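Written below as structure tokens is the structure these notes are about.
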Amino acid sequence: MSISNINSSKFDQMVQAAATTLNSNAEFINSLNVFPVPDGDTGTNMSMSFQSGADYVSKDTSESVGKLAQSLAKGLLMGARGNSGVILSQIFRGFSKSVENKDVLNGKDIVEAFQNSEKTAYGSVMKPTEGTILTVIRGISEAGQKSDVNDLAKLFDSLYDAAEKALQSTPDLLPVLKQVGVVDSGGQGLVFVIKAFADVLNGREIETSHQPNTGEMDQMIDASHEQSHESAQGKLNPDDIVYGYCTQIMVRIGRGKEVEYDFDYDKFYEHLAGIGDSLLVVNDDEIVKVHVHTEQPGEVISWGQKFGDLANVKIDNMRLQQETIIENDDNKAEDTKQERKDIAIIAVASGDGIGELFTSLGVTDVIKGGQTMNPSTQDILDAINNSNAKNALIIPNNGNIFMAAQQAADVAEIPVEIVHAKTIQQGLTSMLSFNPDASLQDNVSEMEDMLDTVISGDVTHAVRDTKIDGVKINKDDFMGIIDGKIQIVKTDLTETAIEMIKEMIDEDSEVVTIIYGDGITEDEANDLSEKVEAIDDELEVEVHEGGQPVYPYLISVE
């Protein structure tokens with residue numbers, strides 16, 4: 001059956017299907033990370049970014065595809081996480097600009113929209129690199145111009161074929177991908193989006209029962225709460241909350257006295273979907289974990305008991321929480337209205353100890369996040385808007401957050417500058433030159449100059465076997481990464497850290513700072529410190545508890 005146009009209902013189906021497909025394949029996309037480190041997050045970033053766009057679309061009642069496309073672009077913009085999420089938002093920003101006055105889309109409209117997507121995406125990157133998501137959107141754009149535009153089902157199949165072909169070319173265009181034997185992760189995410197669009201238009205089945213792993217689920221819960229509470233900035237009327245109880249349960253499948261049913265994921269999920277929203281369900285053979293916003297927390301608990309006994313129950317009254325937020329915001333506004341800061345300094349950091357280090361150096365606001373959880377554009381914008389400052393300065397501490405920070409800066413109502421610190425170590429060093437009496441621009445200049453004065457070293461473990469830059473790495477090996485390049489590979493953690501530090505120091509080195517992460521004891525960190533002092537007793541060694549995940553040690557040499 002030929003399809004000549006896309007109306008608002010069909011467009012909504014396409015968007016929701018793409019969100020589901022990205023969710024279902026997030027872990028696969030994450031696994032395409034070039035470095036074999038346990039912080040690959042492209043899939044998570046793209047999934048959560050697109051879900052934000054899909055949420056905006058689902059709440060838009062317009063019957064114009066152009067209006068829905070604008071909602072998709074706005075949602076993607078505000079929810080964009082990581083560079084991949086930002087570029088994805090730019091792709092659909094270009095798409096929406098092209099179709100903004102269209103009530104329905106025909107084949108010619110689609111082709112022109114993807115041409116504008118390509119133009120906007122390439123224009124959003126200072127130095128466009130082939131072998132990335134940009135190559136895939138270019139392949140889609142070029143294929144559209146050569147395809148039959150009369151049947152949209154066939155058109156999108158052609159676009160999907162072109163996207164897949166472009167994706168397979170990425171290792172030939174970006175040598176590091178060929179070294180490791182993977183395609184570009186961001187490009188793979190875009191391919192999944194186009195595939196979902198094509199599947200909807202061709203009437204093919206879309207996977208609807210994605211089961212996130214526990215880590216994904218916790219991240220999605222945190223992001224959902226962050227958006228619903230902080231982004232509201234205390235302005236949401238508690239009475240406007242449709243489902244007032246955030247309910248979380250953990251069920252031990254098949255255990256207990258109330259069990260009536262064998263566990264079936266679809267049956268379990270569908271019942272809960274009918275009594276609330278923001279539903280997340282994850283299970284293995286032994287437990288099922290649930291998060292849902294509902295008016296009937298008792299019903300959630302009762303339903304869970306039909307499949308097993310309750311290992312954990314948590315219920316929060318979100319209306320009461322919102323009342324508290326409003327009250328606190330009112331009190332804060334009253335307390336601070338006479339004390340508006342000149343410059344707010346906003347840093348991104350994972351680990352409570354690292355956050356405290358930044359605060360001790362003068363950072364006014366810390367956004368929790370980093371390698372494993374890039375903050376969204378909205379998260380950063382909220383921090384700016386809530387800072388009560390005339391100006392703001394953002395320290396991302398991660399190159400994958402630069403673009404989201406820039407998007408937040410572009411839409412903020414006060415002047416915002418970015419210190420392009422790629423690591424926690426660079427960010428901490430940059431703060432040493434901050435002068436509260438200097439202008440925003442002078443501070444940025446001085447702090448940027450400090451970035452090259454520090455060498456950053458990270459120690460983590462490999463999550464797979466690989467070979468990169470001629471270095472053979474086995475799964476579970478420890479790696480010493482110096483300024484973004486794997487330099488040391490050993491089977492022992494402390495030995496890896498020592499050998500990495502030896503590579504980092506020279507005759508001009510004066511200070512070595514060790515920030516130890518989650519899972520490392522203070523005694524272990526002090527033992528490492530003593531071994532560093534034994535290398536050169538003139539070195540000053542500082543030890544701090546960072547509490548960061550993924551990286552047992554973050555080390556700087558100055």
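The values are calculated or read from the model by the stated rules, or taken from the named source; none is laboratory data. The structure displayed is predicted, hence computed values, not measured ones. Here the Cβ is made from the backbone with ideal geometry for all residues, glycine too, and neighbour counts use every protein chain on show.
General remarks:
- Options Asn283, Asn237; residue that is among the polar types (S, T, N, Q), modelled with pLDDT under 80, out of contact with any Asp or Glu (no Cβ under 8 Å at 6 or more places or on another chain) and surrounded by fewer than 17 Cβ atoms within 10 Å (Cβ to Cβ): Asn237
- Matching residues, the stretch 395-424, being in a loop (DSSP other than H, G, I, E, B) and touching a His at 6+ places or on another chain (Cβ under 9 Å): Pro396
- Across the stretch 130-148, the qualifying residues are those that are surrounded by fewer than 18 Cβ atoms within 10 Å (Cβ to Cβ) and in contact with a Leu (Cβ under 7 Å, 6 or more places away or on another chain), and the one among them that is modelled with the highest pLDDT is Glu130.
- Filtered by the rule that a residue be of a type in the set (Lys, Arg) and exposed (fewer than 15 other Cβ atoms within 10 Å of the Cβ), the stretch 294-318 gives a lone residue, Lys314.
- Within the stretch 408-461, the residues that satisfy the criterion of being touching a strand residue (DSSP E or B) at 6+ places or on another chain (Cβ under 9 Å), within 14 Å of Gly362 (Cβ to Cβ) and buried (at least 19 other Cβ atoms within 10 Å of the Cβ) are Val419, Gly427, Leu428, Thr429, Ser430, Met431, Phe434, Asn443, Met447.
- Against the test of being touching a helix residue (DSSP H, G or I) at 6+ places or on another chain (Cβ under 6 Å), aliphatic (A, V, I, L, M) and under 19 Å from Met403 (Cα atoms), the options Leu72, Leu68, Leu105 yield a single qualifying residue, Leu72.
- Verdict on Gly370 being modelled with pLDDT under 85, surrounded by 14 or more Cβ atoms within 10 Å (Cβ to Cβ), under 30 Å from Val86 (Cα atoms) and of a type in the set (Gly, Ala, Ser): yes
- Complete set of residues in the stretch 442-469 that are free of Cβ contacts under 8 Å to residues at least 40 places away in the same chain and either more than 12 Å from Met431 (Cβ to Cβ) or touching a Cys at 6+ places or on another chain (Cβ under 6 Å) (or both): Asp442, Ser445, Glu448, Asp449, Asp452
- Close pairs from the stretch 245-271: first in the same structural domain as Gln296 (by TED's automatic domain parsing) and surrounded by 14 or more Cβ atoms within 10 Å (Cβ to Cβ), partner in a helix (DSSP H, G or I) and among the β-branched types (Val, Ile, Thr), Cβ under 7 Å, at least 6 apart: Thr247/Val300; Ile249/Val300; Ile249/Ile301
- Counting only strands (runs of 3 or more DSSP E) that sit wholly inside the stretch 432-516, those with at least 3 residues that are more than 24 Å from Asp536 (Cα to Cα) are 466-468, 471-473.
- Beta carbons closer than 7 Å, at least 6 apart along the sequence or on distinct chains, pair a first residue in the stretch 304-326 that is touching a residue at least 24 places away in the same chain (Cβ under 8 Å) with a second that is aromatic (Phe, Trp, Tyr) and exposed (fewer than 15 other Cβ atoms within 10 Å of the Cβ) for Lys306/Tyr261; Phe307/Tyr261.
- Asp157 meets the conditions (1) surrounded by fewer than 18 Cβ atoms within 10 Å (Cβ to Cβ); (2) without any contact (Cβ under 8 Å) to a residue 60 or more places away in the chain in every case but one. The failed one is (1).
- For the stretch 510-549, the set of residues classified as surrounded by fewer than 19 Cβ atoms within 10 Å (Cβ to Cβ) and at positive phi consists of Gly519 only.
- Residue that is farthest from Asn435 (Cα to Cα), among those in the stretch 347-357 that are touching a Gly at 6+ places or on another chain (Cβ under 7 Å) and of a type outside the set (Gly, Ala, Ser): Asp352
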